[in-house]
Amino acid sequence: RKKALASVCSAHRAPDRVRNFLDLVVDHGRTGDLPAIAEVFREVREQALGIVPASLTTARPLNEDLKGRARQALEKMTGSKVNVTYEVEPSLIGGAVARIGSMVYDGSLRTQLARMRRTLAED
């Protein structure tokens, strides 16, 4: 495994510290954890660059234009660059749910209908 990693590192001109780190991962039998390790490194890098993770869930898939406009709106809300993941959940009926950190902005039709139902039930 070390030879294969050395070959890949050499082919991609990886810095010595990357190769040493990967050797350490192999030595400790943690190659199966590499995807999770890579994800943590990505999160730390984005945090250092001031990029905020966000998710946007909609009832239907968004086209590229709408994805760009949604990203711009989220960046305006946060005052930071955002890395948006897009999800589809048909049960929302319409609208969208944005999650930025621990904040949830629910503008879904499903939630609006539930509020209306509660209001009408109270009357």
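The values are calculated or read from the model by the stated rules, or taken from the named source; none is laboratory data. A quick note: this is a predicted structure, and the numbers were derived from the prediction, not measured. Reconstructed Cβ throughout: ideal geometry from the backbone, glycine too, with neighbour counts over all protein chains shown. For the accessible areas, the whole protein counts, side chains as well, though only heavy atoms, and no ligand, DNA or RNA atoms are used. Shrake-Rupley method; radii C 1.70, N 1.55, O 1.52, S 1.80 Å.
Observations
- For ASP65, the conditions (1) exposed (fewer than 13 other Cβ atoms within 10 Å of the Cβ); (2) outside any helix (DSSP H, G or I) are fulfilled apart from (2).
- The one condition from (1) touching a helix residue (DSSP H, G or I) at 6+ places or on another chain (Cβ under 6 Å); (2) under 30 Å from ARG1 (Cβ atoms); (3) not hydrophobic (A, V, I, L, M, F, W, C) that PRO35 does not meet is (1).
- A single entry from ARG117, ARG69, ARG60, ARG110 fulfils the requirement of being in contact with a strand residue (DSSP E or B) (Cβ under 7 Å, 6 or more places away or on another chain) and among the basic types (Lys, Arg): ARG60.
- Selection within region 68-94: residues that are in contact (Cβ under 8 Å) with a residue 12 or more places away in the chain and open to solvent by less than 50 Å² (accessible area, probe 1.4 Å). The member of this set that is nearest to the chain's Cα centre (by Cα) is VAL84.
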